[in-house]
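The values are calculated or read from the model by the stated rules, or taken from the named source; none is laboratory data. Owing to the predicted nature of the structure, the values given are computational and were not obtained by experimental measurement. Here the Cβ positions follow ideal geometry from the backbone for every residue, glycine too, while neighbour counts run over all protein chains shown. For the accessible areas, the whole protein counts, side chains as well, though only heavy atoms, and no ligand, DNA or RNA atoms are used. Shrake-Rupley method; radii C 1.70, N 1.55, O 1.52, S 1.80 Å.
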Amino acid sequence: MLDTDEPVMVSFTAMDRCDRCMSQAYAQADKPGKAELLFCLHHLKKHKDALLDKGWTLRMDEENTAKLFVRPGASL
């Protein structure tokens, strides 16, 4: 585990699904002794800060997540 609040970048496939709504997953949260959770973009945005505050490590899709967090017309 990393000692940082910065998300770790990884890639997910179309088979990886959000544990909450079954949409395509773009992030995984894990914590020692706890289950691993997969999140779609909507649920990632909703729960990201709370997970990081509670010591979970986030592994986010390096190719898609950055693009999805940027508003249309904005540059990365």
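Within region 26-76, how many residues are of a type in the set (S, T, N, Q) and modelled with pLDDT under 85? Here the count works out to 3.
Taken over region 12-25, the criterion of being of a type in the set (A, V, I, L, M) and open to solvent by less than 50 Å² (accessible area, probe 1.4 Å) is satisfied by 25 alone.
Could you grab me the full set of residues in region 26-49 that are open to solvent by less than 50 Å² (accessible area, probe 1.4 Å) and either in contact (Cβ under 8 Å) with a residue 24 or more places away in the chain or not in a loop (DSSP other than H, G, I, E, B) (or both)? Step through it out loud before you land on a result.
Step one: of region 26-49, the residues open to solvent by less than 50 Å² (accessible area, probe 1.4 Å) are 26-30, 38-41, 43-44.
The answer is 26, 27, 28, 29, 30, 38, 39, 41, 43, 44.
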